[in-house]
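Structure first, commentary second.
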Amino acid sequence: MFSSRSKESSADPQMPAPLVPAAGAKRNRPHSAPTIISADMVISGTLASNGDVQIDGQVEGDVRCTGLVIGDKAEVQGEIYAEEVTIRGKVAGRIRARKVTLAATSHVEGDILHEAFAVEAGAFFEGNCRHSDNPLGDADGGFRRPQAAQAGAAPAALFASLSPATT
């Protein structure tokens with residue numbers, strides 16, 4: 001009745017063994033309730049969280065978190081730095097994230113540095129987007145000015161190589 005033999009014989013042979021994540025695999029973050037910035041809330045300054053954040057109000061400053069959802073009526077003016085970002089509202093500023101999703105209701109003005117990028121039909125995006133294998137770790141943000149512009153060259157020199165040669 002209480003012997004180890006009966007436990008072994010009653011075990012389901014079709015039941016798979018528990019899976020152990022491979023070394024170096026991404027681990028899921030613990031699921032907890034997100035921090036919610038309600039529609040009537042206005043925050044001025046940097047917003048930082050080790051968890052998920054949902055913004056339905058206004059933030060005037062940078063946002064740093066693990067997961068970020070910006071609601072339909074929300075507005076963010078500042079840099080966003082997160083693992084995953086879903087934008088349904090308005091953002092004015094640079095976005096650096098592993099995964100960025102622009103919903104149909106989104107309005108984004110700024111540069112996006114990403115590992116994965118998705119845009120729904122109807123989304124508004126004005127700026128530059130650049131793929132990076134490590135968007136959260138790139139020191140220069142992945143956006144570099146052309147060499148001639150850095151050296152202070154005249155604008156005509158930038159386009160000299162594009163004009164047809166005259167003979």
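Values quoted throughout were computed directly from the atomic coordinates according to the rules given, and no laboratory measurement underlies them. Quick caveat: nothing in here was measured; it's all calculated off a predicted structure. Every residue, glycine as well, gets a Cβ built from its backbone with ideal geometry; the counts of neighbours run over all protein chains shown.
Of note:
- For region 53-107, size of Cβ-based charge dipole, Lys and Arg +1, Asp and Glu -1, in debye: 200 debye
- Note on residue 77/residue 131: beta-carbon distance plugged into 1/(1 + (r/R0)^6) with R0 of 30 Å gives a FRET efficiency of 0.75.
- Neighbour-count ranking [beta-carbon atoms within 10 angstrom, fewest first] of 136, 47: 136, 47
- Here the gap between residue 118 and residue 92, fully extended at 0.36 nm per residue and compared with their Cα-Cα distance, gives a gain of 7.6 nm.
- Simple label model, 7 Å out from Cα along Cβ direction - residue 42 to residue 66, nm: 3.2 nm
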